Amino acid sequence: MPEHQTATFLLIASFVLTAAVSYFLGCFNGAVIVSKYILRDDVRTHGSGNAGLTNFFRTFGGPLTLVVILCDVIKAILAVLLGIMLIGSIANAPLLGKYWAALFCLLGHMFPCMFHFKGGKGILSGGAIAFMIDWRIALVVWGGFLILAVLTRYVSLGSCWAGASFPFATWFVYHDWALTLLAVFIGGLILYMHRGNIHRLLTGTENKFTLHKKS
């Protein structure tokens, strides 16, 4: 195979492999794994039906919440590191690798093939991804999230800020159209997964966060 064809093949392979592995890493949803296989009580049958940290805590509470957090954070870190290693080394574009891996990790988290494509909303994994990409982007995303969530006690409002602000923060920091386009997809996915929350926020029926789990 000619050298330029080999280089093209390796480039395409790096993107495909990163996408595939990142997606399957994302599929390991902490809330589903802990509730279904440890507690024997699928979190998706309770509360909002969402396989995310907030619904898990509201339903079960307890120290196993930390296991959910660790699972969703670690898989995001591993996916981003994979993107840096593969796409960064072959395409010499580590930043592109970060965003590419992040997109597919969140797709796996939100639509896990092993759990009937019914997963979480991606805030915890997305927050870990923001830190892995750039502390300045994480400051915008997490700063707004924490301020809104603490002041209003609407976690979903802070989550919507995180999704909406991510593309703008990316453009402000990097001024790169490719990265910003991927950031639009990532942020758009988060907003899409919160469409029900957005409707309830607008109608005044959204639940506020409490430190006490439901009885």
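The values are calculated or read from the model by the stated rules, or taken from the named source; none is laboratory data. It should be emphasised that the depicted structure is a prediction, and the values quoted were computed from it without experimental measurement. Here the Cβ is made from the backbone with ideal geometry for all residues, glycine too, and neighbour counts use every protein chain on show. Ligands, DNA and RNA are stripped out before the accessible areas are found, and what is left, the full protein with its side chains, is counted by its heavy atoms. Shrake-Rupley method; radii C 1.70, N 1.55, O 1.52, S 1.80 Å.
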Check off (1) of a type in the set (Gly, Ala, Ser); (2) outside any helix (DSSP H, G or I); (3) without any contact (Cβ under 8 Å) to a residue 12 or more places away in the chain for GLY88 and give me the number that stays unchecked. (2)
Collect the residues in segment 176-186 that are among the β-branched types (Val, Ile, Thr) and open to solvent by 30 Å² or more (accessible area, probe 1.4 Å), keeping them in residue-number order. VAL184
Looking at segment 104-119, which of the residues that are open to solvent by 20 Å² or more (accessible area, probe 1.4 Å) and assigned to a helix (DSSP H, G or I) is nearest to TRP171 (Cα to Cα)? PHE104
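So that you can scan it fast, the table gives a plain yes or no per residue for (1) closer than 15 Å to ALA51 by Cα; (2) basic (Lys, Arg):
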| residue | (1), (2) |
| --- | --- |
| ARG136 | no, yes |
| LEU148 | no, no |
| ARG153 | no, yes |
| GLY196 | yes, no |
Go through the residues of segment 1-19 one by one and say whether even a single one is open to solvent by less than 60 Å² (accessible area, probe 1.4 Å), within 14 Å of GLY122 (Cα to Cα) and touching a Gly at 6+ places or on another chain (Cβ under 9 Å). no
Filtering segment 123-138 down to residues that are open to solvent by less than 30 Å² (accessible area, probe 1.4 Å) and either assigned to a helix (DSSP H, G or I) or under 20 Å from GLY26 (Cβ atoms) (or both) yields SER125, GLY126, GLY127, ALA128, ILE129, ALA130, ILE133, ILE137, ALA138
Looking at segment 187-210, can you tell me whether even one residue there is surrounded by fewer than 14 Cβ atoms within 10 Å (Cβ to Cβ), of a type in the set (Lys, Arg) and either assigned to a loop (DSSP other than H, G, I, E, B) or more than 17 Å from the chain's Cα centre (by Cα) (or both)? yes
Expected single match for open to solvent by less than 60 Å² (accessible area, probe 1.4 Å), touching a residue at least 12 places away in the same chain (Cβ under 8 Å) and closer than 23 Å to GLY108 by Cα among VAL173, VAL141 is VAL141
Please pick out the residue among ASN29, ASN92 that is in contact with a Gly (Cβ under 6 Å, 6 or more places away or on another chain) and among the polar types (S, T, N, Q). ASN29
Taking segment 49-72 and the residues there that are outside any helix (DSSP H, G or I) and farther than 15 Å from GLY122 by Cα, the one that is most open to solvent (accessible area, probe 1.4 Å) would be PRO63
The one condition ASN55 fails out of (1) closer than 22 Å to ALA102 by Cβ; (2) at pLDDT below 85; (3) of a type in the set (S, T, N, Q) is (1)
Collect the residues in segment 20-48 that are open to solvent by less than 10 Å² (accessible area, probe 1.4 Å) and in a helix (DSSP H, G or I), keeping them in residue-number order. SER22, GLY26, GLY30, ALA31, VAL32, VAL34, SER35, VAL43
Say whether the condition of being among the β-branched types (Val, Ile, Thr), closer than 21 Å to PHE185 by Cα and crowded, with 16+ Cβ neighbours inside 10 Å is met by at least one residue in segment 84-95. yes
